[in-house]
Each structure stands twice: as structure tokens, then as C-alpha cells.
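Report on the following structure.
The values are calculated or read from the model by the stated rules, or taken from the named source; none is laboratory data. Treat the numbers as computed from the prediction; the structure is a model and nothing was measured. Here the Cβ is made from the backbone with ideal geometry for all residues, glycine too, and neighbour counts use every protein chain on show. For accessibility, only protein heavy atoms count, side chains too; no ligands or nucleic acids. Shrake-Rupley method; radii C 1.70, N 1.55, O 1.52, S 1.80 Å.
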Amino acid sequence: MRKGRACARCTPWCSRGSSMAERDLPRGRIVDILARGEPGTAVRVEGWVRTRRDSKGVTFLELNDGSCLANLQAVVDAASPVASAAAAASTGSSLVASGRLVASQGQGQRVELVPAALTLLQAAPPDYPLQKKRHSFEFLRSIAHLRVRSNTFGAVARVRNALFYATHRFFQERGFIFLQAPIITASDAEGAGEMFRVTTLDLERLAREAGALDWHADFFGRKAGLTVSGQLEAEVYALAFHDTYTFGPTFRAENSNTTRHAAEFWMIEPEIAFADLADNRALAEAFIKTVIGQTRETCAEDYAFFEQRIEPGLLAKLDGLLNAPFETITYSEAIGLLEAAGEPFEFPVAWGHDLQSEHERYLAEKKIGRPVFVIDYPKDIKAFYMRMNDDGRTVAAMDLLVPGLGEIIGGSQREERLEPLRARMAALRLPQEEYDWYLDLRRYGTVPHAGFGVGFERLLMYVTGMQNIRDVIPFPRTPGHVEF
RNA sequence: UCCCCGAUAGCUCAGCGGUAGAGCGGGUGGCUGUUAACCACUAGGCCGCAGGUUCGAAUCCUGCUCGGGGAGCCA
């Protein structure tokens, strides 16, 4: 209770325009009102005006509280005591409206609200940037603090939330232990990407003074940075708990300027013990299908919006993914398919070279037409920790390629044998002393294990049809951009 | 980081050497229930910044800044 005169269930400001009975009403969420509200029921809604339409005798307000995509229509007769408040309720205004639900006389909504009380908390001025018209995503990016009030970004936020929840639920229901991997780490030699430096050194002073840096004087006594992956720590947990996963923010200081890269993103990294690459693939496929299937159910209205406005064919694409097994081909087979394709690729196709974006797109979109695992890559183009295959020249890696996006998952079976791992690290000149704890996992009770990483935002892009990662992160961080 | 493209009204864009335009949005008025409402009127501009060419530049040239797309890196 913030004011003595206000009742316990009431916001203090609503006493300006509402009777005691109305103030006693519990707040109704618009999603519930639209789904289950019965005519005759008294409700109170708190939200923002999306748009107002006036006729001679009646004003319509579209109210949104973020609980769902759809708006609740409030109908205010010209003779109503709240008519003047309704007339001032411009697009973007905040208000509290109390009244009874009635069956709608018009098309497009089952019930609507006839407010007996309408408290305009603030009438938004006419320069409210998010007017009732189409805006480009580029413009909306410049007002990230307001764009979440738009249909598209509201839908993205709700699906993002549902996907986050579905991810934890998937692993929790299977007994995985959630590892909160460290954000600050000294490990940067995985080749996963450039690290952001974490330091308490006085950089301005150091810039003025010539001389070599003494990292021992820094906070941690050595170079430290923001994590680029929680995988190595996840292996620790897998070798204690059998199944584990990390799901947290991940940072890459690469100067990447694309629709698929951000400097700060969220990554899901499961790690499973007593498991090989086939187990890993099965887990990845089950994960993708389960979380997409669940969010399809919980966010049906938002998905319908994405189908209609963002990517026509989206629902058929997702249904196709849910209903067919993922394909699996080896890297060598992929090279064969690309060589036989007869496509004018810009980059040459040759065994030993990594697959380019155009190659991945051809495989996922044209040749296979659905998600496909590419496995068993040449060892020289993959990370040191991947398990050597018996042929001695490929490793047990897997990339999941999806149409329209490319690589969405990267993973592998890990090299669990001490000597092959040490030999690989030596060949790559990795400082073994820094990985002693990692090697210990191979010394004490090692077991075959595997895992993969999912770019959470890339998955979100795939399921929503949004084509730019900057539009599926609330406040995206990319080179030169750290606003909001 | 590289390669393309762009920058004109609040937003989306047209104009491409000779007086600054449209649609949407905003404002005002009208309209017996609208829902991308509709109709009429209206306000709104250092044409990204700085140089240059020209009698004359939003328009052509150069540099810079910012934005977008593609590539690489990768999730």
C-alpha cells in the first residue's frame, strides 16, 4: 500500500476516477479476459492505448497490457462520464479502465469493455514515436525502449520467454543438472572466438605510460575475459552428474557485422556422459522438436502473427520439422553432393575445406530440404577437444544445418582418451599446463561423452521467422552498439 | 575486417542540373459501432556533414559520419 487512502488491492492513483467498488476489482489480464471473460463481469485492466477510433457517438480504444498480442476494445459512448478521458487517450497513453464486459456488437472480438471509470495516467503527446502505422525494423531498433510495445516485438518477447522456459523444462524433465557456468574466465584457447577483456587496470594511465603490461597486477593476477563457451566446465559436471547443461549469456568480441551475430548472446550447452555422437544427435533432435512443439502450443496467437506478417509458410516449415526425422550425412558425403550439384559456387568445394554459407544453404535448402546433421569433419578444421575417429583424419563433430539460417547447432563427441587429447593439444601448441584440470577429467574416471551448443537467438530467429538477430534480443550488443 | 547499397517531412519513400513532393502518421472539423475505420482541411524540410564542379546542386564529384545487406569468423 503506497497511500493511506488507497485500498490494498489498488494502485494509489486510480482513486482519481473510480468508485470504491471499481477500485476493489482485481486486475484482469487482457489475455484472460479475451479468452474467458463473460459478458456482465466487472473487470479492471491496466495498460496502454494502441489506437483510438472516434465516431460521432462513440469512441473505441484498443488497450494492450502485453499479456497477449490482441487488444481489448473499450467502448465509450459520447454520453459516458469517461468520454472526455477517452477522447484524450491518444496512442501510447497509459491508463486504468474499470467496467463491465459486454458481448461485442461488432465483428472481430467476442467481448469488449464498457468502462465506468477511466483514469488516464498519462496522455502520450502526439510525437509518441510508435504511431499506428508500419515501422521498419531499422527504425524500431533505434527505439528499443519503446519497440516492445509493438505487435512484432511483443510477440518476439513472448515467444522468447516461452522458449527460455521450454528449454529449462526439457532438460529438467530429463534429469539434467543445470550448471551456472562462470561468466568470467581465463580460458580463451578453445578457438571459439575473441574474448572481451575483464580488467581493473587503469587503462587510461597505462595508455599514457609506455612499457609492458604486468597482468600480475590485474584483479585476477592474469588475463581474464568474458566466457565464450561454458563447454569445458560443462564437461566437469557431465563427468559427475552424467547429464548437465548450461544456459547463459555468452560473449564474442569478433567484429562481426551480420544478421546472425551479436557480441552478447545466450547459448544452451548440454553435455552428456556415457554417450557418443549418435546419442548427441538424438538429444539435439529431441531438444529442437520438443521446445518448438511446446512453444507452438503456448504461443499459438503469436505464431499465427509471424505466419501472417513475418514469414508466410512458417507454420508449414515448423510442422515439417516436427514431423520428419532429421537427416544425417557425413562431411565426405556432403562434399560429394556439392561436387555433383552442378551449382556455380563462389567458393571451391574440396575435401578438407570448411563448408561455406552457400554450401550449407544448398545442402539444407535445395538438396535435403529440411534440417540435416553434417558429421565427421576433417580434424584440421575443428576444435582440439573433438574425438578422433578411427580413420585418423576426421573427428566426431556434428553441425545441424537448417533451411533459411544455416548452422544452428554445433557439437561433438569429446576426446575422452588422455594420450590422443595430449597429442592433439601438442600438435596445436596449446599450453597444457593451463588445461591441467581439463586433462584430469581424462585421468580420473574418464568416460565417453558428448555435447553441443545451441545459439538461443538463432533458434528464436528460426521459429519466429525474424531475419535479424538484433530483432530477437531485447537490447542487442553489436560492434559499435551498446545503447540502452 | 572486406565488398555492395543507402541517407530528402515524425515514419516509408519519389524527385536525379532550373521555385521541395506523395503516402502514412500528427492537428482541426465531419461522420449513428469502429477495428490498417472513413471523408475534408491543415501544419510540418540546414534534401546526413564538409569541401568541390557549375550561371545555378537534393540531383554531378571527393572526403567524412551514420545506417542496411552480403562475405569472413561462428552460435
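Checking the conditions here, which among A:Gly369, A:Gly411, A:Gly406 is open to solvent by less than 10 Å² (accessible area, probe 1.4 Å) and modelled with pLDDT under 90?
Values: A:Gly369 fails: open to solvent by less than 10 Å² (accessible area, probe 1.4 Å); A:Gly411 fails: modelled with pLDDT under 90.
Result of the check over A:Gly369, A:Gly411, A:Gly406: A:Gly406.
Give the residue that is surrounded by the fewest Cβ atoms within 10 Å (Cβ to Cβ), with candidates limited to residues of the stretch A:435-446 that are without any contact (Cβ under 8 Å) to a residue 40 or more places away in the chain and either under 28 Å from A:Ala286 (Cα atoms) or among the acidic types (Asp, Glu) (or both).
Only one residue tops the list, namely A:Asp436.
Restricting attention to helices (runs of 4 or more DSSP H) lying wholly within the stretch A:80-173, give those where 3 or more residues are within 15 Å of RNA strand B (Cβ to nearest atom) and buried (at least 18 other Cβ atoms within 10 Å of the Cβ). Break it down into steps so the answer makes sense when it comes.
Numbers: elements: A:83-88, A:137-141, A:144-147, A:151-173.
Answer list for the stretch A:80-173: A:151-173.
For the stretch A:426-434, check the following and say yes or no: at least one residue is touching a residue at least 60 places away in the same chain (Cβ under 8 Å) and more than 16 Å from RNA strand B (Cβ to nearest atom). Working first, answer last.
Our first condition is that a residue be touching a residue at least 60 places away in the same chain (Cβ under 8 Å); within the stretch A:426-434, this holds for A:430-431, A:434.
Okay, now just the ones that are also more than 16 Å from RNA strand B (Cβ to nearest atom), so A:431, A:434.
There is at least one residue in the stretch A:426-434 that is touching a residue at least 60 places away in the same chain (Cβ under 8 Å) and more than 16 Å from RNA strand B (Cβ to nearest atom).
One line per residue, one yes/no per condition, for (1) part of a helix (DSSP H, G or I); (2) at pLDDT 95 or above:
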site: A:Ser256; (1), (2): no, no
site: A:Pro270; (1), (2): no, yes
site: A:Asn280; (1), (2): yes, yes
site: A:Glu285; (1), (2): yes, yes
site: A:Tyr303; (1), (2): yes, yes
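Under 7 Å between Cβ atoms, which residue pairs at least 6 apart in sequence (or on different chains) link something in the stretch A:78-93 that is farther than 27 Å from A:Ser150 by Cβ and at pLDDT 90 or above with a partner that is open to solvent by 10 Å² or more (accessible area, probe 1.4 Å) and assigned to a loop (DSSP other than H, G, I, E, B)?
A:Ala78/A:Gly57
Can you say whether A:Ala240 is more than 26 Å from the chain's Cα centre (by Cα), modelled with pLDDT under 85 and of a type in the set (A, V, I, L, M), as far as the supplied structure shows? Break it down into steps so the answer makes sense when it comes.
On the way: more than 26 Å from the chain's Cα centre (by Cα): yes; modelled with pLDDT under 85: no; of a type in the set (A, V, I, L, M): yes.
In short, no.
Residues are listed down the side, and each one gets a yes or a no for (1) within 16 Å of RNA strand B (Cβ to nearest atom); (2) in contact (Cβ under 8 Å) with a residue 24 or more places away in the chain; (3) open to solvent by 20 Å² or more (accessible area, probe 1.4 Å):
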position: A:His216; (1), (2), (3): no, no, yes
position: A:Ala224; (1), (2), (3): no, yes, no
position: A:Pro249; (1), (2), (3): yes, yes, yes
position: A:Asn257; (1), (2), (3): yes, yes, yes
position: A:Glu264; (1), (2), (3): yes, yes, yes
position: A:Glu285; (1), (2), (3): yes, yes, yes
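I'm checking my understanding of the structure. Among residues of the stretch A:447-478 that are assigned to a loop (DSSP other than H, G, I, E, B) and near RNA strand B (Cβ under 7 Å from one of its atoms), which one is least open to solvent (accessible area, probe 1.4 Å)?
A:Asn468
Report the residue count in the stretch A:413-446 for those that are closer than 13 Å to A:Leu232 by Cβ and charged (D, E, K, R).
Count: 6.
Go through (1) charged (D, E, K, R); (2) in a helix (DSSP H, G or I); (3) more than 24 Å from A:Leu179 (Cα to Cα); (4) open to solvent by 60 Å² or more (accessible area, probe 1.4 Å) and name the single condition A:Arg424 misses.
(4)
Exactly one condition in (1) polar (S, T, N, Q); (2) under 36 Å from the mean Cα position of the chain (by Cα); (3) near RNA strand B (Cβ under 9 Å from one of its atoms) is not met by A:Asn64; state its number.
(3)
For the structure I just gave you, tell me whether A:Leu401 is over 20 Å from A:Ile375 (Cα atoms), surrounded by 14 or more Cβ atoms within 10 Å (Cβ to Cβ) and at pLDDT 90 or above.
Numbers: over 20 Å from A:Ile375 (Cα atoms): no; surrounded by 14 or more Cβ atoms within 10 Å (Cβ to Cβ): yes; at pLDDT 90 or above: yes.
The answer is no for A:Leu401.
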